[in-house]
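*Asks:* For reference, the structure I am asking about is given below.
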Amino acid sequence: ILLRGDMRYRPDLETFTPQLLAIHKGLIPSQEEKKKQRQFLAHLDSLVCSDWPGAKLFLYGSCANDFGVCNSDIDVCLAVDDENFTKAQLVVKMAEILRSDNMQNVQALTHARVPIVKFTDPVTRISCDICVNNMLAVVNSKLLHDYSQVDPRLRQLAFLVKHWAKCRQVNETYRGTLSSYAYVLMCIHFLQQRKPAILPCLQEMQPTYEVVVGKIKCAYFDQVDKLKSFGEWNKELVGTLLMGFFDYWAFHHDYNRSVISVRTGGFLSKEEKDWTRRIGNERHLICIEDPFEVSHDLGRVVDRHSIRVLRDEFNRAAKILRQDPNPCTSLFEPF
Ligand code: ATP
Ligand code: MG
């Protein structure tokens with residue numbers, strides 16, 4: 001991992017921090033957009049309450065986890081306690097309710113791994129995905145949100161990494177690259193590793209929040225207001241952190257042996273996770289442990305081809321941050 005001494009590559013690196021922070025600021029949703037989202041959600045809530053007694057809506061994904069850039073889609077989870085219907089049937093029922101309310105482009109994707117209904121609200125033009133009974137996503141969104149409250153540098157770093165991944169087209173799970181969720185976990189893990197650490201490991205602390213989802217117990221310290229000064233011994237700014245992040249994934253990560261684990265705040269071996277072989281389509285070429293569903297490798301979507309694409313992009317980004325005269329432009333150049 002990049003230490004201060006390595007900064008010899010780029011003595012002027014921190015002069016780019018203000019520019020990077022300006023890019024970060026430009027990505028934050030406006031108050032107006034937030035207000036529109038709240039209006040839309042209130043409408044959706046009243047629709048479901050009146051048409052479907054006992055059903056409840058929860059927000060998850062980037063709207064709930066504090067890592068949402070402007071004009072993001074909204075991810076909603078419908079919670080219903082009805083064992084007589086499959087998720088696909090519940091998605092179809094939700095689609096009918098939305099159509100009768102004149103929502104646009106309502107599509108029920110019942111055959112997806114996670115069945116969802118997609119639609120657009122004609123009033124606010126917001127696009128929304130609704131999944132069913134996926135409470136683990138609601139809980140992991142809360143974990144990400146709680147981490148974002150500990151140190152503002154996480155949100156800065158994660159926004160820039162997500163923005164880079166979108167510009168460079170390496171944020172497309174259907175094409176074998178990584179989800180936004182995976183990138184945020186990579187950022188959290190990276191900040192847990194800094195010396196001194198910028199983020200703690202909330203799941204290794206005395207739990208103040210506990211829920212059971214299916215068979216999985218989710219527990220961690222969530223009184224993050226008490227941790228606001230956790231990272232203050234580390235004075236690194238986002239320029240250094242962004243370069244360190246790409247340097248790590250380009251030159252230091254042990255792709256053959258290592259698993260990154262936010263849950264333990266450290267590294268595990270592929271061996272101990274039994275992630276050494278290809279099983280079906282799961283190859284484990286880059287290993288990121290889900291913090292709660294620990295048998296779940298978020299890198300499992302990555303294949304022989306896309307691992308090359310990803311690693312080439314990490315290399316490109318690291319080199320730009322080390323030597324390019326205009327890193328803030330080159331880094332985000334559209335692919
Ligand atoms: P974006 O701004 O790109 O929409 P996002 O924060 O909504 O980003 P996504 O990757 O779209 O992130 O994921 C939305 C949510 O779905 C995540 O916060 C997480 O709760 C859940 N999720 C996504 N991918 C996975 C996965 N592979 N395993 C478990 N949960 C996932
Ligand atoms: Mg999303």
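*Asks:* Could you check, for segment 81-97, whether at least one of its residues is within 16 Å of ligand 1 (Cβ to nearest atom), closer than 30 Å to Ile23 by Cα and not aromatic (Phe, Trp, Tyr)?
*Replies:* No, that holds for no residue.
*Asks:* If the Cβ limit is 6 Å and pairs must be 6+ apart or interchain, which residue in segment 123-135 that is farther than 19 Å from Trp52 by Cα pairs with which residue that is within 16 Å of ligand 2 (Cβ to nearest atom) and polar (S, T, N, Q)?
*Replies:* Here the result reads Ser127/Thr120, each pair linking segment 123-135 to a residue that is within 16 Å of ligand 2 (Cβ to nearest atom) and polar (S, T, N, Q).
*Asks:* Turning to a different aspect of this structure: Considering each of Phe85, Phe67 in turn, give the residue that is among the aromatic types (Phe, Trp, Tyr) and touching a residue at least 24 places away in the same chain (Cβ under 8 Å).
*Replies:* Phe67
*Asks:* Looking at (1) out of contact with any Phe, Trp or Tyr (no Cβ under 7 Å at 6 or more places or on another chain); (2) under 30 Å from Glu236 (Cβ atoms), which is the only condition Asp129 fails?
*Replies:* For Asp129, the exception is condition (2).
*Asks:* Could you go through segment 231-240 and let me know if any residue there is in the same structural domain as Pro291 (by TED's automatic domain parsing) and farther than 27 Å from Cys328 by Cβ.
*Replies:* yes
*Asks:* Can you list the strands (runs of 3 or more DSSP E) lying wholly within segment 238-306 that have 1 or more residues being within 13 Å of ligand 1 (Cβ to nearest atom), in contact (Cβ under 8 Å) with a residue 24 or more places away in the chain and under 26 Å from Leu136 (Cβ atoms)?
*Replies:* 287-289
*Asks:* Given (1) of a type in the set (D, E, K, R); (2) within 16 Å of ligand 1 (Cβ to nearest atom); (3) within 16 Å of Arg125 (Cβ to Cβ), identify the lone condition not met by Lys36.
*Replies:* (2)
*Asks:* Of everything in segment 175-189, what is away from ligand 2 (no atom under 14 Å from the Cβ) and within 21 Å of Arg304 (Cα to Cα)? Give them in sequence order.
*Replies:* Correct list: Arg175, Gly176, Thr177, Met186.
The values are calculated or read from the model by the stated rules, or taken from the named source; none is laboratory data. Since this is a predicted model, take the numbers as computed values, not measurements. For neighbour counting, all protein chains shown are included, and Cβ atoms are generated from backbone atoms with ideal geometry for every residue, glycine included.
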